[in-house]
Amino acid sequence: MMRHLHTRTTRTTRRRMVAALTVLAFAVPGAAPAVAGEEGTGSPALADGLALTPPMGFNNWNSTHCRAEFNESMVKGIADIFVDKGLKDAGYQYVNLDDCWALPNRDADGRLVPDPVRFPNGIKAVADYVHSKGLKLGIYTSAGTKTCDGAGFPGALGHEYSDAQQFADWGVDYLKYDNCNNQGVDAKLRYTTMRDALKATGRPIVYSICEWGQNKPWEWASDVGHLWRTTGDISDSWGSMLSILKQNLPLAPHAGPGHWNDPDMLEVGNGGMTDTEYRSHFSMWSVMAAPLLIGSDLRTASAETFEILSNKEVIAVDQDPLGKQGTVVSSEGGRWVVAKEMKDGSRTVALFNESGSPRRIATTAAAVGLPDADAYTLRDLWQHRSYNTAGTISATVPAHGTVLVRVAADRRWQQHPPAVELGLDGGTLVQAGAPAALTTTVTDLGRTPARQVTVRLSGPAGWTVKATSPASAGVLSTGRSLRTKWSLTAPQGTPTGSYDLTLKASYRSPTGVRADSTLPFSATVVVPPPSGTSGLGDLPWLSAANGYGPVERNTSNGESAAGDGHPITIGGVVYAKGLGVHAESSVEYYTGAACETVTAQVGVDDEKGANGTVAFEVWADGTKVASTGVLTNAMPAQPLTADVTGAQLVRLVVTDGGDGIDSDHADWGDAQLSC
């Protein structure tokens, strides 16, 4: 964690990151032998038999921080929930304490003292309880003089051997070792010293290096720790998750059994993202063979949160014993294909949609490393259904969604119905009272034909949804499509915003097996922008993603909460209007082909001192129409003008300048739209 950077006014925002979902995965009976994949780096790993698959468990920080509710009762309650809700059976085993478990001062003998209010019976009693449930206990400290919380709890720098022995004596099974207040001591030296101290205890303890990726631990820590943080802290937002995902994906060659890239804990269930986004979060962490550490308060978690976290077929992707992290096959236009080699020879393929609207994402069995075959079997992770495909792996992926499909050359592919792909064209932007045209497609991807195909489109109550062309077909052979035109009308007076619709195709296989495929998506009710010149900080946007905290209207980005920004200030000049963002950032507006120009004064906000490098872009209907070079805090505001004539959608983008997102608070000062 990097809380000294994020929870006080003096902190520096470090590498924060910004990622209707259907997920597919499985172990195919009779799968072909494993296909040779790329070799790992050959880096040495700790030869202690620990963390041969990515650790799974719980950590309280994301949901409780240092609040009083973090205590012995909570920790025991989480252990009970692991057992009662089936999480233990799904593979979760570590119940980990984060910062604030100790008193601020050591005792007269230099030993750590558990907070008697939070843990009246001490840490060993908690460990004993957790162990009695067949689970393991983790604890936290920092490789510095103090931990990361502002209260200044004692760190382990200079106390490594005595602290490690205390942890072992208490029955600790996992240590998260942070990076705060490190006094400038070499990172490799600090973390290696604790490795040796843990080893000297004789107790098997999984060692988590929380160094934030500052000194590229993936290059030197494979024989120091079992996992290492590759980024700064995650926060419960789509922008943060997406940014961290992008930072962690290129590091695949460094991961393997006993040494894992750690893109930080799960935010699933904490409330800052949609369930679709949480499924993407969980799916992508699994395809990256990342540690799965639950960060939500399971005592109040929803049924949907438990459904996501306990899905054994997705977990099997993460826990595959081959230990390969998924690698990027393609990523054009935010349409990501990530493939993970599995021990049984199959491939898990993530089709991940970064954008705010449905996108078709496609690849092939050959492109992801599978051998030639007449056909392949796919397994639907959430619906637990299997299909056959002739070799195309594709889907229309909902906004911010992920289709995760495990594919194998399988001799028994014929027993499964053909996979079909559902597609959309138009109709997702709707003006109330006016019909919008939408075309749907149903395409047979299978080796076998789809028969008695029918397609249905359902919308919100009160909406008019009418097919204006045939919505059924007797048979679709491989590669053939049924195209259906629809008229979609939201009632007059419908408020602006996003509304859920569902496209469903039902069909039969040649053997008579009934199957169906569903595509949830959203239509957005919009209103044209006003004529004249308007401040973008005052107009409604369609979507907004931000690398740290929310996008702010007419103030700087500030900190992680909404409304905590300051006056927009670039090079000492204050702007009363505009947008305050943090790279990576994207804010999209509906312009309805009625606008001509976007103008702004752009730069790094003064609130970050001498830090921060960013670049600004304006996109019109998917085409970049204006951009700056890399801007630093030392530069005054730069004027930016973009011609957006005729565009339906305009998107304002800020990238990280190529050096990560540390301190990248960016301003669209005096941002205006002329229509």
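Nearest 500 deg cm²/dmol is fine: what mean residue ellipticity at 222 nm does the chain get from its DSSP H runs of n ≥ 4 alone, each adding -39,500 (n - 2.57), divided by its residue count?
On the way: 11 runs with 100 residues, N = 675.
Result for the chain: -4000 deg cm²/dmol, rounded to the nearest 500.
Describe numerically, in nm with one decimal, the distance between label points set 7 Å from Cα along Cα→Cβ at residue 630 and at residue 531.
Calculated label separation equals 4.6 nm.
Quote the charge dipole size of segment 539-673 about the Cα centre in Debye, to the nearest 20; the model charges only the Cβ of Lys and Arg (+1) and of Asp and Glu (-1).
The dipole of segment 539-673 has a size of about 300 debye.
Looking at segment 417-526 only, what percent of DSSP beta bridges run antiparallel? Nearest 5 please. Don't skip to the answer; put the middle values down first.
Working: 40 of 42 bridges.
Looking only at bridges with both residues in segment 417-526, the antiparallel portion is about 95 percent.
Arranged from highest to lowest average of other beta-carbon atoms within 10 Å per residue, in what order do the peptides 609-620, 263-274 appear?
Going from most to least packed, we get 263-274, 609-620.
Of all beta bridges DSSP finds with both residues in the chain, what is the antiparallel percent, to the nearest 5? List each step's numbers first, then the result.
Numbers: 123 of 149 bridges.
Bridges in the chain are about 85 percent antiparallel.
Can you sort 198, 103 so the residue with the fewest Cβ neighbours within 10 Å comes first?
Working: 198 27, 103 16.
Fewest-to-most ranking of 198, 103: 103, 198.
Under a Cβ-only charge scheme (Lys and Arg +1, Asp and Glu -1), can you give me the dipole magnitude of the chain about the Cα centre, in debye to the nearest 20? Intermediate values should be presented prior to the final figure.
Values: 56 positive and 70 negative charges, 399 e Å.
My answer is approximately 1920 debye.
Below 8 Å between Cα atoms, with a sequence gap of 6+, how large is the relative contact order for segment 417-526 in percent?
Working: 306 pairs, mean separation 37.2, N = 110.
Relative contact order of segment 417-526: 34 percent.
Compare the Cα positions of 492, 420, 510 along the charge dipole of segment 417-526 (+1 at Cβ of Lys, Arg; -1 at Cβ of Asp, Glu; about the Cα centre) and return the one farthest towards the positive end.
Farthest towards the positive pole: 510.
Starting with the highest mean, order 595-606, 120-131 by the number of other Cβ atoms within 10 Å, averaged over the residues of each peptide.
Values: 595-606: 23.3, 120-131: 17.9.
So the order, starting with the most tightly packed, is 595-606, 120-131.
Given the pairs 216/324; 136/176; 88/324; 324/624; 136/216; 88/146, which are separated by over 25 angstrom at their Cα positions? Let's see the in-between values first.
On the way: 216/324 19 Å; 136/176 14 Å; 88/324 23 Å; 324/624 36 Å; 136/216 29 Å; 88/146 33 Å.
Beyond 25 Å: 324/624; 136/216; 88/146.
Divide, for segment 96-252, the radius of gyration over alpha carbons by 2.2 N^0.38 Å, where N is the residue count. Display every interim value, and only then the final one.
Working: Rg = 15.8 Å, N = 157, 2.2 N^0.38 = 15.0 Å.
Ratio of Rg to 2.2 N^0.38 Å for segment 96-252: 1.05.
Assign unit charges at the C-beta atoms only (+1 for Lys and Arg, -1 for Asp and Glu), then state the dipole size of segment 417-526 relative to its Cα centre in Debye, rounded to the nearest 20. Working shown, then result.
Working: 10 positive and 5 negative charges, 79 e Å.
The calculated dipole for segment 417-526 is roughly 380 debye.
With point charges of +1 on the Cβ of Lys and Arg and -1 on the Cβ of Asp and Glu, referenced to the Cα centre of the chain, which listed residue (286, 120, 558) lies farthest in the positive direction of the dipole?
The residue sitting farthest along the positive end of the dipole is 286.
Rank-order 442-450, 160-168, 239-247 by packing density, defined as the average count of other C-beta atoms within 10 Å over each peptide's residues, highest first. Mind showing how you got there, number by number?
Numbers: 442-450: 24.1, 160-168: 20.9, 239-247: 27.6.
Sorting 442-450, 160-168, 239-247 by mean packing, highest first, produces 239-247, 442-450, 160-168.
Would you list, by chain and number, the aspartates and glutamates whose Cα falls below 14 Å from the Cα of residue 85, excluding same-chain residues fewer than 8 positions away?
297, 304, 307
So, in Å, what gap is there between the alpha-carbon centers of segment 307-386 and segment 418-483?
25 Å
Since every read-out is calculated from the coordinates, none of them should be taken as a lab result. Nothing here was measured: the structure is a model prediction, and the numbers come from that model. Reconstructed Cβ throughout: ideal geometry from the backbone, glycine too, with neighbour counts over all protein chains shown.
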